[in-house]
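Visitor: Sharing a structure below in C-alpha cells format, with a few things to ask.
The values are calculated or read from the model by the stated rules, or taken from the named source; none is laboratory data. Treat the numbers as computed from the prediction; the structure is a model and nothing was measured. For neighbour counting, all protein chains shown are included, and Cβ atoms are generated from backbone atoms with ideal geometry for every residue, glycine included. These accessible areas exclude ligands, DNA and RNA; they are computed on the full protein's heavy atoms, side chains included. Shrake-Rupley method; radii C 1.70, N 1.55, O 1.52, S 1.80 Å.
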Amino acid sequence: MPKLILIIISAVLVNNFILQRFLGTCPFLGVSRRVQTALGMSGAVVFVMTMTSVVTWPVYHFVLVRFRLEYLQTIVFILVIAALVQLVELVLQKMSPALYKALGIFLPLITTNCAVLGVAVLNIQKKYSFIESVVFGLGGALGFGLAMILFSGIRERLDLGDTPLPLRGTAIGLVTAGLLSLAFMGFTGLVKM
Amino acid sequence: MLTAVVTLAALGLVAAFGLAMAARIFAVETDPRIQLVEEALPGANCGACGYPGCSGLAKAIVEGAVGIGNCPAGGENVAHTIAKIMGVTYSGGSERMAAIVLCGGSDQVARKKFMYNGVRDCASAAMIFGGDKYCRYGCLGLGTCAGICPFGAIRMLPGGLAEVDPAKCTGCGKCVDSCPKKIIKMVPAKRTVHILCSSHDKGAAARKACDNACIACGKCVKAAPPGAITIDNFLAVVDYGAEIPEDVAGECPMNTIVVRKEPSGCESCAAAAAGGGAV
C-alpha cells in the first residue's frame with residue numbers, strides 16, 4: 001500500500017509526465033489556452049490513461065510474453081489503445097451523452113498521444129504489477145491534468161498581460177512551460193523510487 | 001516471424017470484431033435530417049456561421065438552436081433547400097453581402113519603395129516596413145486573401161491587385177480577417193459604386209504615392225446625394241446604405257471611383273449569367 005501512494009506522488013509531482021518526462025507536450029501547448037478546455041482534456045486523459053494501463057498490462061504479459069513477441073510492444077500498444085478509445089467513445093455516446101459532450105473531441109485526439117503510449121511502455125519497463133500499473137496510469141494522468149490546469153491558468157492571465165509583440169502566443173507559452181518545468185524540478189528527491 | 005504476423009492479425013481482428021459489435025449495440029440514433037441538411041449546405045466548412053463546420057450548423061439547425069437561414073455563405077438558395085427538408089417556409093433573410101478590396105493601386109499607378117523578395121504572403125510582406133508600396137494602405141498583391149477564399153471568388157489581377165467576384169462571393173468574411181492591411185470590406189452585393197482607395201494620407205501625399213489615390217477633393221461628395229459619400233480623414237467613404245447614381249464615378253479626377261457590376265470583369269462569367277447558365 002505505501003508503495004502505491006509513493007507511485008502516485010512520484011507520477012504526479014516528481015516524475016510529472018509533461019514537465020519532467022516531456023511526454024504529451026502537444027496537447028500541453030495545443031489545448032491549454034483556456035482552463036475549461038484544459039479541464040476537458042485532462043478528464044479525457046485520466047480516463048484513457050487509466051484504461052490503457054488496465055488493458056495493455058494483460059495484453060503484454062499474457063499475449064506478447066507468451067509468444068516471445070516483446071519487441072512488438074509499441075505497435076501492439078498503439079493498436080490496442082486506438083481500439084480501446086474508439087470503444088470507450090462508442091459506449092460513452094450511448095450511456096452518458098453528457099460526459100461524451102464534455103470529453104467530446106478530446107477522446108479521439110489522444111488515441112496516439114505519446115503520454116498514453118508512454119504510460120503503457122513505462123509500466124513494462126518498471127516491471128510493475130497489475131495494480132501498480134493501474135495506479136501509475138492514474139497518477140500519471142493526474143499529474144498531466146495538474147500541469148495542464150496550472151499552465152492554462154497562467155496562459156489565460158498571460159493573454160491579458162502586455163507581452164512584447166514577438167513573444168506573444170506560443171513563444172511566451174514555451175518560456176512559461178520551461179519555467180513551470182523548472183519549478184517542478186524542486187520536487188526532485190521527494191520520493192525515492 | 002509467422003507468430004508475430006498471426007498474433008498481430010488476431011489482435012487486430014479481436015479489436016475490429018469488438019468495435020463492430022459495440023457499434024451495433026451502442027448505436028445512437030441520429031435525426032436523418034441532420035445528414036440531409038448537411039448535404040444541402042455548401043460544405044466549405046468556412047465557419048462564418050460560428051459553428052466548427054457545416055455539420056455543426058446542420059445539427060444546430062435541425063435541433064432548432066438557430067434559424068434555417070443561418071448559413072451566410074449559402075444564402076437564399078441553401079435556405080430554401082433547408083426549408084424544404086425541415087418542412088417550414090423561409091421568409092427571407094438579411095441582405096446578401098459581398099467582399100470588396102478597397103484599393104485601386106495596381107503596379108502601373110502605385111509607386112514602390114523597394115523590391116520585396118520575401119515569402120509570397122501578404123502578412124509577411126506587411127511586416128517589412130509595412131509592405132513595398134509607398135502607400136501604407138495599399139493592397140500588397142501577394143494573394144493571401146485569394147488563397148484563403150473557400151469559394152475561389154478572389155483572383156489576382158495582373159497589376160498586383162486582388163479582385164473579388166461578387167457573383168461567386170458568399171460573404172463568409174474570411175478574406176476580411178486575412179488581409180493585413182484591413183482594406184477588404186463587406187458591402188451589400190447589389191451596390192455598384194465603389195471608391196477603390198483606403199488611404200487616409202493627405203491629398204498631396206496620397207497623390208505622390210499612387211495615381212489612383214483618393215485625394216479628398218470632395219467632388220464626389222457634391223455629385224452624390226447628400227450624405228451618401230462623406231470625407232473621413234482625407235478619404236471619401238461610401239455609405240452603402242444609400243443609392244448612388246453611377247455617373248458620380250465620372251466626377252472623380254483620380255479615377256478612384258469605379259462602377260462594378262455583378263458579375264465583374266470576366267467575360268465568360270458575364271456571358272454565362274446572360275445565358276442563364278450556372279457560373
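Visitor: Could you compute how much accessible surface B:His80 exposes when probed at 1.4 Å, giving the result in Å² to the nearest 10?
Guide: Roughly 90 Å² of B:His80 is accessible to a 1.4 Å probe.
Visitor: Sticking with this one: Calculate for chain B the 222 nm mean residue ellipticity that helices alone would give, adding -39,500 (n - 2.57) per DSSP H run of length 4 or more and normalising by residue count, nearest 500 deg cm²/dmol.
Guide: Dividing the helical sum by the residues of chain B leaves -9000 deg cm²/dmol.
Visitor: Report the relative contact order of the stretch B:96-184, percent, no decimals, based on alpha-carbon pairs under 8 angstrom and at least 6 residues apart.
Guide: Relative CO of the stretch B:96-184 lands at 36 percent.
Visitor: Pick out which of A:Pro164, A:Pro27, A:Pro58 has the largest mean-square fluctuation in a Gaussian network model of chain A, springs linking Cα atoms closer than 10 Å.
Guide: Top of the fluctuation ranking is A:Pro164.
Visitor: Round to a whole number: what % of the accessible area of the stretch B:191-261 belongs to carbon and sulfur, probe 1.4 Å?
Guide: Answer for the stretch B:191-261 is 52 percent, counting heavy atoms of protein chains only.
Visitor: With respect to the cross-link table entries B:Lys59/B:Lys84; B:Lys182/B:Lys202; B:Lys133/B:Lys202; B:Lys84/B:Lys174; B:Lys182/B:Lys208; A:Lys126/A:Lys192, which display a Cα-Cα separation exceeding 24 Å?
Guide: Check vs 24 Å cut-off fails for B:Lys84/B:Lys174.
Visitor: Taking 8 Å as the Cα distance limit and 6 or more residues as the minimum spacing, I'd like the relative contact order of chain A as a percentage.
Guide: 45 percent
Visitor: Which value, in debye to the nearest 20, gives the size of the charge dipole of the stretch B:45-163 about its Cα centre, when Lys and Arg are +1 and Asp and Glu are -1 at the Cβ?
Guide: 340 debye
Visitor: For the stretch B:191-261, state what percent of all Cα-Cα pairs lands in each successive 5 Å bin, counting from 0 Å until the bin that includes the largest distance.
Guide: The distribution over the stretch B:191-261 is 3, 21, 32, 26, 14, 5, 0, given as percents.
Visitor: A further question follows. Show me the three semi-axes of the equivalent ellipsoid for chain B, from the C-alpha gyration tensor (sqrt of 5 times each eigenvalue), largest first, rounded to whole Å.
Guide: The equivalent ellipsoid of chain B has semi-axes of 47, 27, 15 Å.
Visitor: Right, next: Quick check of the Kirkwood formula: for the stretch B:149-249, what is the inverse mean of 1/r over all pairs of different Cα atoms, in Å?
Guide: 15.0 Å
Visitor: Over the protein assembly as shown, consider all pairs of different Cα atoms and compute the Kirkwood hydrodynamic radius from their mean reciprocal separation; express it in Å, one decimal.
Guide: One decimal place: 27.2 Å for the Kirkwood radius.
Visitor: Continuing with this model, one more query. Express in Å², to the nearest 10, the accessible area of B:Val221 obtained by rolling a 1.4 Å probe over the protein heavy atoms while all chains stay in place.
Guide: It works out to around 50 Å².
Visitor: Express the accessible area of the protein assembly as shown per residue in Å², computed with a 1.4 Å probe while the remaining protein chains stay in the model.
Guide: 52 Å²
Visitor: Give the relative contact order (percent, whole number) for the stretch B:191-261; include only Cα pairs under 8 Å separated by 6+ residues.
Guide: 40 percent
Visitor: Whose amide H sits under 5 Å from the amide H of B:Ala236, counting only residues 5 or more places off or on another chain, with H placed in the peptide plane?
Guide: B:Ala216
Visitor: Same structure, new question: Considering protein heavy atoms only and a 1.4 Å probe radius, which residues within the stretch B:1-31 exhibit an accessible-area decrease of no less than 40 Å² in the full assembly relative to the chain by itself?
Guide: At a threshold of 40 Å² (probe 1.4 Å), the residues of the stretch B:1-31 that become less exposed are B:Ala4, B:Thr7, B:Leu8, B:Leu11, B:Leu19, B:Phe26, B:Val28.
Visitor: Which residue fluctuates most in the GNM of chain A (Cα springs below 10 Å): A:Phe62, A:Phe151, A:Phe130?
Guide: Of the options given, A:Phe62 has the highest mean-square fluctuation.
Visitor: So, one more: Of B:Arg136, B:Arg111, which has the most accessible area and how do the rest follow, probe 1.4 Å?
Guide: These residues rank, largest area first, as B:Arg136, B:Arg111.
Visitor: When only the heavy atoms of the protein chains count and the probe is 1.4 Å, how do A:Lys192, B:Lys133, A:Lys101, B:Lys59 rank by accessible area, highest first?
Guide: Correct descending sequence by accessible area is A:Lys192, A:Lys101, B:Lys59, B:Lys133.
Visitor: If you don't mind, there's one more thing I want to ask. Taking amide H atoms as placed 1.01 Å from N in the peptide plane, list the residues 5 or more away in sequence, or in a different chain, whose amide H sits under 5 Å from that of B:Leu161.
Guide: none
Visitor: Follow-up question, since we're still on this one. Tell me, what % of the accessible area of the stretch A:61-193 is carbon and sulfur with a 1.4 angstrom probe?
Guide: That fraction is 68 percent.
Visitor: Additional query: When all protein chains stay in place, what accessible area (Å², nearest 10, 1.4 Å probe) is found for B:Asp121?
Guide: Accessible area of B:Asp121: about 40 Å².
Visitor: A plus B alone minus the pair: what accessible area, both sides summed, probe 1.4 Å, in Å² to 100?
Guide: Approximately 1300 Å² gets buried when A meets B.
Visitor: Would you kindly calculate the mean projected area, averaged across all directions, of the convex hull enclosing the Cα atoms of the stretch B:32-86, in square nanometres?
Guide: Result: 2.9 nm².
Visitor: What number comes out for the charge environment of B:Pro253, summing +1 per Lys or Arg and -1 per Asp or Glu over other residues with Cβ under 12 Å away?
Guide: Value of the local net charge: 0.
Visitor: Still on this structure, please answer the following. Using the Karplus curve 6.51 cos²θ - 1.76 cosθ + 1.60 with θ = phi - 60°, what ³J(HN,Hα) values do you get for each residue of the stretch A:113-124, in whole Hz, with x for Gly and Pro?
Guide: Per-residue couplings from phi come out as 5, 6, 5, 5, 5, x, 5, 5, 6, 5, 3, 6 Hz.
Visitor: Further question on the same structure: Using amide H atoms built in the peptide plane, which far-off residues or other-chain residues are under 5 Å from B:Ala110 H to H?
Guide: Excluding prolines and chain starts, which carry no amide H, the hits are B:Asp211.
Visitor: Considering chain B as a Gaussian network with a 10 Å cut-off on Cα pairs, which listed residue, B:Gly159, B:Gly118, B:Gly131, attains the greatest mean-square fluctuation?
Guide: B:Gly118
Visitor: Could you put B:Met97, B:Met115, A:Met185, B:Met86 in order of accessible surface area, largest first, with the 1.4 Å probe and the full protein assembly present?
Guide: These residues rank, largest area first, as B:Met115, A:Met185, B:Met97, B:Met86.
Visitor: Kindly write out, for the stretch B:203-211 in residue order, the coupling ³J(HN,Hα) from the Karplus curve 6.51 cos²θ - 1.76 cosθ + 1.60 (θ = phi - 60°), rounded to whole Hz, with x marking Gly and Pro.
Guide: With the stated coefficients, the stretch B:203-211 comes to x, 4, 5, 5, 5, 5, 7, 7, 6 Hz.
Visitor: Using only alpha carbon positions, build the gyration tensor of chain A, then give the equivalent ellipsoid semi-axes as the square roots of 5 times its eigenvalues, largest first, whole angstrom.
Guide: With the √(5λ) rule applied to chain A, the semi-axes are 29, 21, 14 Å.
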